[in-house]
1. Select from segment 22-33 the residues that are free of Cβ contacts under 8 Å to residues at least 60 places away in the same chain, surrounded by 15 or more Cβ atoms within 10 Å (Cβ to Cβ) and either among the small types (Gly, Ala, Ser) or part of a strand (DSSP E or B) (or both) and list them in ascending order.
2. Taking the criterion of being within 14 Å of residue 70 (Cβ to Cβ), at pLDDT 85 or above and surrounded by 16 or more Cβ atoms within 10 Å (Cβ to Cβ), would at least one residue in segment 10-21 satisfy it?
3. For residue 247, state whether it is at pLDDT 85 or above, within 46 Å of the chain's Cα centre (by Cα) and open to solvent by 70 Å² or more (accessible area, probe 1.4 Å).
4. For segment 74-94, name all the residues that are touching a helix residue (DSSP H, G or I) at 6+ places or on another chain (Cβ under 7 Å) and of a type in the set (A, V, I, L, M, F, W, C).
5. Of everything in segment 309-329 that's in a loop (DSSP other than H, G, I, E, B) and open to solvent by 80 Å² or more (accessible area, probe 1.4 Å), which residue is modelled with the highest pLDDT?
6. Mind checking which residues of segment 245-264 are in a helix (DSSP H, G or I) and within 30 Å of residue 303 (Cβ to Cβ)?
7. If the Cβ limit is 8 Å and pairs must be 6+ apart or interchain, which residue in segment 175-201 that is surrounded by fewer than 21 Cβ atoms within 10 Å (Cβ to Cβ) pairs with which residue that is of a type in the set (D, E, K, R) and part of a helix (DSSP H, G or I)?
8. Looking only at segment 265-295, count every residue that is assigned to a loop (DSSP other than H, G, I, E, B) and open to solvent by 100 Å² or more (accessible area, probe 1.4 Å) and tell me the total.
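The values are calculated or read from the model by the stated rules, or taken from the named source; none is laboratory data. As the structure is a prediction and not an experimental result, all values here were calculated from the model. A quick note on method: Cβ atoms are made from the backbone with ideal geometry, for glycine too, and the neighbour counts reach across all protein chains shown. Side chains are part of the model used for accessible areas, which takes the heavy atoms of the whole protein and leaves out ligands, DNA and RNA. Shrake-Rupley method; radii C 1.70, N 1.55, O 1.52, S 1.80 Å.
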Amino acid sequence: MEHRYHVAEVVEVMSRRGVDVCCVQETRWKGGSARWMGMHGSMYKFFWQGCEDENTGVGMLVAEKWVDQVVSVTRVNERVMVMKLVVCRRLFNIISVYAPQVGRSTEDKEEFWDKLYELVNGIPTGEAVVLGGDMNGHVGQHTIGFEGVHGGMGFGTRETILEFGDAMGMVVCNMFFRKADNHLVTFKSERSRSQIDYVMVSSVDRDMVKNVKVVAGEECVSQQRLVIADLLVRGGRKVRKKFVPKLKVWELKKGTVKEKFSECIRNRAGVTDGAEGANERWEAMKKEWLEVTEQVCGGTKGPARHKERWWWNDEAARVVEEKQACFKA
């Protein structure tokens, strides 16, 4: 995405391959904003953050069907951007990153990693984290010391990325799927080839990543190769509500129950005489009334199998019957 006209080509690729969210780097757009792109039926909203010299920049393309689920977009700087997106009743933090490349100063690299550590560390427990982008580093082929972060199916030699994943409890998804070397390389030129683009998720969410593949040959990215991760997000589990018993106050509609309730209340009429102050008198009276209601009406013993219909009577049945007759007329 080195020029603006490339964005349209990227949108066409995303639509054709069924990608919902795409993290892009080196956008070379100034400022930070959002705009719609694409054609009817394959629209994407592009959120970006650039800089004045147009040398870096990050962004995200979000399919039209997911735009309404975007909660917030935080543009940290021209190299880091995070979007909060609701998927299946769970909040996802999608982070697009563009790490300083070889030749940049040590200060620039340290600033980038410090910002990224701070950002990920501040995400509340329970929210999902998906990080994608050009990390401009390698993870290597071996897992020694990073067995939980590295799946053992990498390319090249290792760098800071594994240390970051180990510290933040994240895994490099590219490393958990067996591929040929040519299908691991994400950057290829006449002189070199390397794996520098990655998708990372929290280790607790590793099972939702079903595949990560590198796609070569797309015209919109000549040297960089498209990295696609397939995520299967299941609906959130329904939390069973704790049963809270209720007093059967609807029983007071019955004449005999109502008379018994009134008699019990009259017998306890003097319980508030010794109370001092309005609040104390109210609490004493409330306690007595609740005890009488539980004694006379009883309480529920479990969740109702059917909704209560204590309001249904002959009068309601007659009105409903008349209404149905009017519709038939």
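1. Hits for segment 22-33 are 22, 32.
2. The first filter runs over segment 10-21 and keeps only residues within 14 Å of residue 70 (Cβ to Cβ), leaving 20-21.
From what is left, the residues that are at pLDDT 85 or above are 20-21.
Checking which are surrounded by 16 or more Cβ atoms within 10 Å (Cβ to Cβ) leaves us with 21.
Within segment 10-21, one or more residues are within 14 Å of residue 70 (Cβ to Cβ), at pLDDT 85 or above and surrounded by 16 or more Cβ atoms within 10 Å (Cβ to Cβ).
3. Numbers: at pLDDT 85 or above: yes; within 46 Å of the chain's Cα centre (by Cα): yes; open to solvent by 70 Å² or more (accessible area, probe 1.4 Å): no.
When the stated conditions are applied, residue 247 does not pass them.
4. Across segment 74-94, the qualifying residues are 76, 80, 82, 85.
5. Initially, segment 309-329 is screened for residues in a loop (DSSP other than H, G, I, E, B), giving 309-313, 329.
Cutting the leftovers down to open to solvent by 80 Å² or more (accessible area, probe 1.4 Å) gives us 309-312, 329.
On the way: 309: 62, 310: 60, 311: 68, 312: 73, 329: 61.
The qualifying residue modelled with the highest pLDDT is 312.
6. Start the filter on segment 245-264 by keeping residues that are in a helix (DSSP H, G or I), which leaves 249-253, 255-264.
Across segment 245-264, the qualifying residues are 249, 250, 251, 252, 253, 255, 256, 257, 258, 260, 261, 264.
7. These pairs meet every condition: 176/206.
8. Going residue by residue through segment 265-295, those that are assigned to a loop (DSSP other than H, G, I, E, B) are 268-277.
So of that shortlist, the ones also open to solvent by 100 Å² or more (accessible area, probe 1.4 Å) come out as 273, 276.
So the count comes out to 2.
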